[in-house]
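Structure first, commentary second.
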Amino acid sequence: MPAGSFTFVLHSHLPWVRRAGRWPFGEEWIHQALLDVYLPLLETVESLERDGIRGGITLGVTPVLLEQLRDAHLLDAFDAYLDERIKLTAGDLQPRGDALDAARCGLAQRYLAQLRSRRSRWRGHWQRDVVGALRAFACDGTIEIITSAATHAYLPLLATDSAIDAELSVGIATTQRLLGVTPNGIWLPECAYRGAFAPPGQPGYRPALDTWLAAHGIRYFFVDAHAVAGVYRGSGAWSSVLNARDTAPVADADAAAEAQEDAATLLPHLLPSGVAAFARDPRVSRQVWSRDHGYPGDGAYREFHKRDECSGNTYWRVTEPRVELGDKKIYDPHLAADRASAHAKHFALLVTKLLSAFQASDGRTGMLAAPFDAELFGHWWAEGPQWLCGALRALHEGGSVALTTPSAYLAAQPAPPVAALRESSWGEGGDSRVWYNPSVAWMWPIIHRAERTMERLAEHAASTPRERALMEQAARELLLLASSDWPFLVTTGQARDYAVERFNTHVARFDALAAALDGGAADPAVIEASLRDDTLFPEIDPALFRARALRPLPARQLPLTQPLIARLALA
């Protein structure tokens with residue numbers, strides 16, 4: 001019997017950027033991700049599959065991103081982007097008469113060969129179809145595909161159940177349509193979870209998010225560790241279970257607490273809805289995310305932030321995490337490859353140690369699901385794909401840990417029940433502050449007004465094809481304006497003005513469409529721009545946005561929380 005099970009959970013998301021700018025914000029985000037993340041990921045999965053290594057990657061690609069990865073306009077633009085990157089890199093082969101000529105030329109030759117190889121495989125082997133390749137990997141069981149909300153809306157702060165259900169309905173249907181699988185799991189946007197509002201049957205009742213997931217046939221989702229911290233503490237029943245195992249008894253309170261916290265992150269948690277939650281283990285995640293001690297901050301790895309002024313290529317290494325950009329040393333790809341291999345083995349040993357110790361103390365086979373943003377591997381951390389592949393190979397070869405999908409684990413192992421999870425996200429502070437704070441609070445009344453307007457519009461069936469088209473487009477614009485990306489980019493300052501402009505654009509398009517459907521004055525140019533540019537979710541059904549109620553669970557089963565939105569004054 002293996003000591004435990006493991007899978008990487010890679011969450012891949014970018015907002016809708018089709019015809020919404022190119023550089024520094026806009027379509028180039030998609031181009032960079034294709035080149036740096038998704039094509040290397042396909043190569044990693046293909047390499048693992050060739051050696052019979054399956055189950056180590058659980059992949060979520062948000063529906064809004066899936067639509068863009070198959071969009072003809074964006075694919076043509078990516079071809080041009082590839083050609084441009086090759087041209088610029090070839091230019092770096094020319095000497096400039098400075099001290100970096102030799103090093104720059106050597107690295108440029110290496111980068112040029114990689115770019116040409118990737119372009120050749122993109123056009124030939126992959127047939128410009130990342131979505132089709134992922135579909136093939138998913139259908140043959142090499143990876144497990146999970147879904148997400150349609151446009152990555154921050155679900156706990158939406159005002160209406162219709163908007164939550166529509167985000168889930170459109171998201172799941174898009175995953176099924178484009179990837180050919182019915183997903184068992186979901187990545188809740190920003191890992192944001194909330195419980196129910198009020199007891200069932202009483203005024204203000206709204207179901208917990210997992211209750212909506214259960215209604216859609218979703219079996220599991222992911223939360224950050226603090227969502228489950230302490231869920232077993234003070235439970236005499238759980239302590240009895242620990243001590244009844246055929247292992248050495250828990251000797252003291254500290255050991256018991258440690259064992260219970262292990263259970264919080266190394267076992268899924270079955271909610272009353274029947275949906276299980278897997279929690280991120282901080283001991284594993286900080287190996288990658290820690291600013292000062294995570295793998296990507298190692299001095300041997302390629303520096304992301306310092307770029308050649310002509311080509312934009314990166315010819316320097318991290319050197320030291322806090323060293324000034326002007327003091328960075330030249331990148332050595334061989335040294336970086338060696339470091340990635342060592343770090344992969346270190347990670348595999350850590351995973352094995354945690355799962356083995358848990359099995360020895362608890363008696364059960366745990367599951368460690370390690371969630372990360374997919375964009376970390378290749379874009380922010382150039383050696384990330386090599387490390388990812390190396391870690392999975394090391395675990396596979398070690399033989400002590402099974403590479404298992406969450407669906408397979410849940411089918412084989414019972415998940416312990418919990419009454420409730422904490423309201424949480426994986427954002428700063430572990431709550432909703434990144435998406436609701438003074439700098440973005442103005443957005444939420446607008447989002448909530450649009451939700452209620454869409455509920456009203458959806459109550460009436462379209463009487464003409466044009467009216468149907470406008471109603472469908474209004475539904476698309478509601479989903480787009482509710483994206484969590486806009487408040488995130490404002491709060492973090494990464495693209496504040498761009499995010500505000502995008503949010504306001506989608507609001508203006510929604511309002512124009514609603515006005516036209518109500519028989520009022522509407523700017524036809526705004527409506528036509530919406531129909532031309534925002535072409536995602538072609539099979540969207542406006543009826544999904546009608547006000548609805550989900551039959552509540554029995555009161556004794558319903559977990560209650562005090563979610564942030566319940567404290568907001570919603571007009």
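Values as computed for the structure displayed
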| read-out | value |
| --- | --- |
| Estimated distance in nm for a label pair at ALA337 and GLN202, the labels positioned 7 Å out from Cα along Cα-to-Cβ | 6.4 |
| Label point at ASP76 placed 7 Å out along Cα→Cβ; residues across region 103-131 whose backbone nitrogen lies under 20 Å | 122-124, 127-131 |
| Share of pairwise Cα separations in the chain, more than 48 Å, in percent | 13 |
| Gain in span if fully extended, ARG123 to GLN413, counting 0.36 nm per residue against the direct Cα distance | 100.1 nm |
| Relative contact order computed over the chain (Cα-Cα under 8 Å; 6+ residues apart), in percent | 22 |
| Cα-centre dipole for region 437-553 with unit charges at Cβ (Lys and Arg positive, Asp and Glu negative), debye to 20 | 360 |
| 10 Å beta-carbon shell around HIS11, net charge (K/R +1, D/E -1) | -3 |
| Percent of Cα-Cα distances greater than 13 Å, calculated over region 134-182 | 56 |
| Rh by Kirkwood over Cα pairs, then Stokes-Einstein D for region 292-441 at 1.002 mPa s and 20 °C, µm²/s | 115 |
| Ratio Rg/Rh, restricted to region 437-553 and using Cα atoms, in which Rh is the Kirkwood radius | 1.00 |
| Cβ-defined net charge surrounding PRO487, 12 Å radius [Lys, Arg +1; Asp, Glu -1] | +1 |
| Local electrostatic count at GLN114 - Lys and Arg +1, Asp and Glu -1, tallied over other residues with Cβ under 12 Å | +4 |
| Separation in nanometres of the label points that stand 7 Å from Cα toward Cβ, at ASP98 and ASP83 | 2.9 |
| Coordinate range along principal axes, alpha carbons of region 371-466, Å, largest first | 61, 39, 35 |
| DSSP loop chymotrypsin sites (Phe, Trp or Tyr not before Pro) with at most 14 other Cβ within 10 Å: longest gap in the chain | 1-303 |
| Neighbour-count ranking [beta-carbon atoms within 10 angstrom, fewest first] of ASP129, ASP308 | ASP129, ASP308 |
| Whichever lysines have a C-alpha closer than 20 Å to that of LYS345, once near sequence neighbours (fewer than 8 apart) are set aside | LYS353 |
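No lab work stands behind these numbers, since they all come straight from the coordinates. Since the model is a prediction, treat every value here as computed from it, not as a measurement. We place every Cβ from the backbone using ideal geometry, glycine too, and count neighbours over all the protein chains shown.
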